[in-house]
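The values are calculated or read from the model by the stated rules, or taken from the named source; none is laboratory data. Everything quoted here is computed from the prediction, not taken from an experiment. Note that we place each Cβ from the backbone using ideal geometry, even for glycine, and neighbour counts take in every protein chain shown.
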Amino acid sequence: MATTIPLRHPVTPSPRHLRGKTIRNVVLFGGLAIFTVWTLFPFLWIISTSIKPDRDLYRRVSLLPQTITDAHYSEVLFETPFLTYFRNSAMVAILTTAVAMLIAVLAAYAMTRLSFRGRTFVARATIVTYLIPAALLFIPLFQIAQQLPFSGEALGLVIIYLIFAVPFSTWLAISYFNTIPSDLEDAALVDGATRLRSLFTIFVPLALPALAVIALFTFTHAWNEFLFALLLIQRDSQKTVPIGLAEFVVGDVFAWGPLMAGSLIASLPPVLIYIAAQKWVVSGLGGGAIKG
């Protein structure tokens with residue numbers, strides 16, 4: 001005898017449940033809208049200021065420009081050494097990022113996979129070194145920089161930035177390397193692979209999210225650093241972008257149009273790097289790259 005299964009009627013949400021869900025959605029999307037406006041408003045103001053003519057900048061305050069001009073961008077690119085500053089910043093940031101990543105990967109691998117006396121002390125000392133305020137190192141680093149063969153040049157900033165970038169990068173790499181199973185490396189060593197080969201064929205591919213985070217943070221710090229560049233660099237031909245942008249401020253006079261145009265151009269490299277590596281960066285942040 002066939003058994004009949006009674007049909008279940010869909011449960012109609014109660015008005016109270018619908019009202020609660022509506023309130024949650026309003027709060028959620030309202031909060032996201034406020035956060036979006038709060039985050040994007042400074043960038044919109046920079047863009048608006050950079051395309052306004054001077055007469056509109058000082059006569060009326062508004063986000064939407066009445067007249068659009070490219071005079072500020074032309075002044076920045078063709079009438080100032082901004083492109084030289086941009087080139088110097090790119091060289092410093094790229095070299096700092098590449099060297100810091102190489103040292104961090106080798107050091108993190110040694111401290112997570114090799115057994116040697118003092119390994120724990122070295123790992124902890126790396127973190128402590130990063131925690132030292134940069135302001136305390138101005139005088140000793142200035143004295144060290146004066147002894148370098150490229151003192152006063154943009155290339156000398158790479159050495160200074162590595163002092164801060166290497167501990168931070170190593171700390172991130174150690175945290176991520178600890179999440180990689182050791183069985184993978186053991187299998188490669190049994191098959192005859194060397195330590196160096198297992199590092200670059202197993203650890204580096206698996207650690208790409210962490211390396212993306214390291215590259216983004218290191219590049220951004222080297223690109224935006226201002227204090228040490230102001231202290232160590234005096235010649236216009238060696239100045240970086242942050243120092244070059246400060247040239248648009250003379251006394252209490254601010255050249256807002258060129259300053260905002262230069263700031264917008266200077267913000268493009270970190271933004272483009274983040275967009276290109278966004279998937280890896282999000283994965284690295286969520287997968288252990290900043291675990292303590």
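A few points about this structure:
- Selection status of ALA123, aliphatic (A, V, I, L, M) and closer than 30 Å to ARG197 by Cα: yes
- ALA93 farther than 18 Å from SER267 by Cβ, assigned to a helix (DSSP H, G or I), assigned by TED's automatic domain parsing to the domain that holds ILE160 and among the aliphatic types (A, V, I, L, M): no
- Any hit, segment 40-52, residues being among the hydrophobic types (A, V, I, L, M, F, W, C), closer than 24 Å to ASN224 by Cβ and assigned to a loop (DSSP other than H, G, I, E, B): yes
- Residue in segment 122-130 that is basic (Lys, Arg), part of a helix (DSSP H, G or I) and under 30 Å from GLY262 (Cα atoms) present: no
- Any hit, segment 126-140, residues being within 22 Å of PHE200 (Cα to Cα), assigned by TED's automatic domain parsing to the domain that holds VAL105 and among the β-branched types (Val, Ile, Thr): no
- Restricting PHE177, PHE164, PHE217 to residues that are in contact with a His (Cβ under 8 Å, 6 or more places away or on another chain) and touching a residue at least 24 places away in the same chain (Cβ under 8 Å) narrows the list to PHE164.
- For segment 215-245, filtered to residues that are modelled with pLDDT of 85 or more and more than 23 Å from LEU137 (Cα to Cα), the residue that is surrounded by the most Cβ atoms within 10 Å (Cβ to Cβ) is GLY244.
- Among the residues of segment 139-175, those identified as loosely packed, with under 13 Cβ neighbours inside 10 Å and in a helix (DSSP H, G or I) are ILE139, PRO140, GLN143, GLN146, GLN147.
- Among the residues of segment 20-36, at least one is surrounded by 11 or more Cβ atoms within 10 Å (Cβ to Cβ) and more than 30 Å from ALA255 (Cβ to Cβ).
- Segment 176-192 - residue that is surrounded by 14 or more Cβ atoms within 10 Å (Cβ to Cβ) and among the hydroxyl-bearing types (Ser, Thr, Tyr) and, of those, nearest to ALA210 (Cα to Cα): TYR176
- Residue tally, condition in contact with a helix residue (DSSP H, G or I) (Cβ under 7 Å, 6 or more places away or on another chain) and of a type outside the set (D, E, K, R), over segment 109-155: 19
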